[in-house]
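Data block below; observations after.
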Amino acid sequence: MTLAQSEAPVFGLLLAGGRSSRMRRDKAALEYRGRTQLEDAYDLLASVTQRAFVSVRPDQMNEPLRQRFPQIVDEHTDLGPLAGILAAQRAHPDAAWLVLACDLPFLDTAVLRHLLERRDRQGYATAFRSTHDGLPEPLCAVYEPKSAAPLARFATGGKSCPRKFLIEHQATLLEPLRAEALDNVNSTTDYWTSMQALSPEALPSRSVRVQYFALLREQAGRSEETLTTVARTLREGRASGERACMEVQ
């Protein structure tokens, strides 16, 4: 057994080189509880690994948020998250890599420790099983040193999907501690939903005047009232108003 297999240090790689095309804003800069997702995720990763790095594209190296952290720069621009994993393995080939996407706000230390404590050191990788489709979750996974050569061949063969690599190489799969732990944020709707769960006090609110007529006015004992809501759309606002009317009844 080689040193890399038996005593491989565990380094952390936070994938923050994406273009956030669906979100249309930098996902790493999204804020929860007054801190950016990048800051929270990096601190989380650093707390369970020996060293932690942020994966970036070359054009992101001097970006104000990312330049505050140790970086590993992608060498390929057309491989998506796989580019970051390959660059990390080339930079530190004897390390096992805990790879983490930067858009997982529900992740916590307990989940990562569960993964690290149960990882298969003799296999290529260990990942959680998706609660949505049962497939491997490649962006919260440990890639062992022995996966470097197969991953490089995988990319050379024109493939770039880390999930397919994990499937083809029979990665060890674990059940997540919590179903929502690996829920990611890909859209403004996802962000709003996660904010409601994690930082409801930070949601912008507005005042809406509700008027009561006929029987409802008699039951409420008033003709109108002002409600405070965090609804973003007319549909959500209407739902809030309907709930208020039900409470009156």
Hey, Arg129 farther than 14 Å from Leu15 by Cα and not aliphatic (A, V, I, L, M) or not
yes
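Just to be sure before I move on: is Leu173 surrounded by 14 or more Cβ atoms within 10 Å (Cβ to Cβ), touching a Leu at 6+ places or on another chain (Cβ under 7 Å) and assigned by TED's automatic domain parsing to the domain that holds Leu112 in the structure I sent? Don't jump to the end; show me each part of the working.
Values: surrounded by 14 or more Cβ atoms within 10 Å (Cβ to Cβ): yes; touching a Leu at 6+ places or on another chain (Cβ under 7 Å): no; assigned by TED's automatic domain parsing to the domain that holds Leu112: yes.
No, not satisfied.
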Hey, any hits in segment 97-114 for a residue that's farther than 18 Å from Leu45 by Cα and either outside the structural domain of Ala52 (by TED's automatic domain parsing) or more than 15 Å from the chain's Cα centre (by Cα) (or both)?
no
For segment 111-138, which positions are out of contact with any helix residue (DSSP H, G or I) (no Cβ under 7 Å at 6 or more places or on another chain), aliphatic (A, V, I, L, M) and farther than 20 Å from Val185 by Cα?
Leu115, Leu116
Would you tally the residues in segment 82-103 being within 19 Å of Arg25 (Cβ to Cβ) and part of a helix (DSSP H, G or I)?
0
Across segment 115-133, which residue is surrounded by the most Cβ atoms within 10 Å (Cβ to Cβ) among those that are outside any strand (DSSP E or B) and either aliphatic (A, V, I, L, M) or within 18 Å of the chain's Cα centre (by Cα) (or both)?
Leu115
Sole residue being in the same structural domain as Asp103 (by TED's automatic domain parsing), surrounded by fewer than 17 Cβ atoms within 10 Å (Cβ to Cβ) and modelled with pLDDT under 95, chosen from Arg51, Arg68, Arg33:
Arg33
Which number in (1) within 30 Å of Ala125 (Cα to Cα); (2) at pLDDT below 70 marks the one condition that Arg232 misses?
(1)
It is to be established whether one or more residues within segment 29-44 are on the phi < 0 side of the Ramachandran plot and assigned to a loop (DSSP other than H, G, I, E, B).
yes
Answer residue from segment 7-28, given it is more than 14 Å from the chain's Cα centre (by Cα) and in a strand (DSSP E or B) and is farthest from Asn186 (Cα to Cα) among those
Val10
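The values are calculated or read from the model by the stated rules, or taken from the named source; none is laboratory data. All of these numbers come straight from a predicted model, not from anything done at the bench. For neighbour counting, all protein chains shown are included, and Cβ atoms are generated from backbone atoms with ideal geometry for every residue, glycine included.
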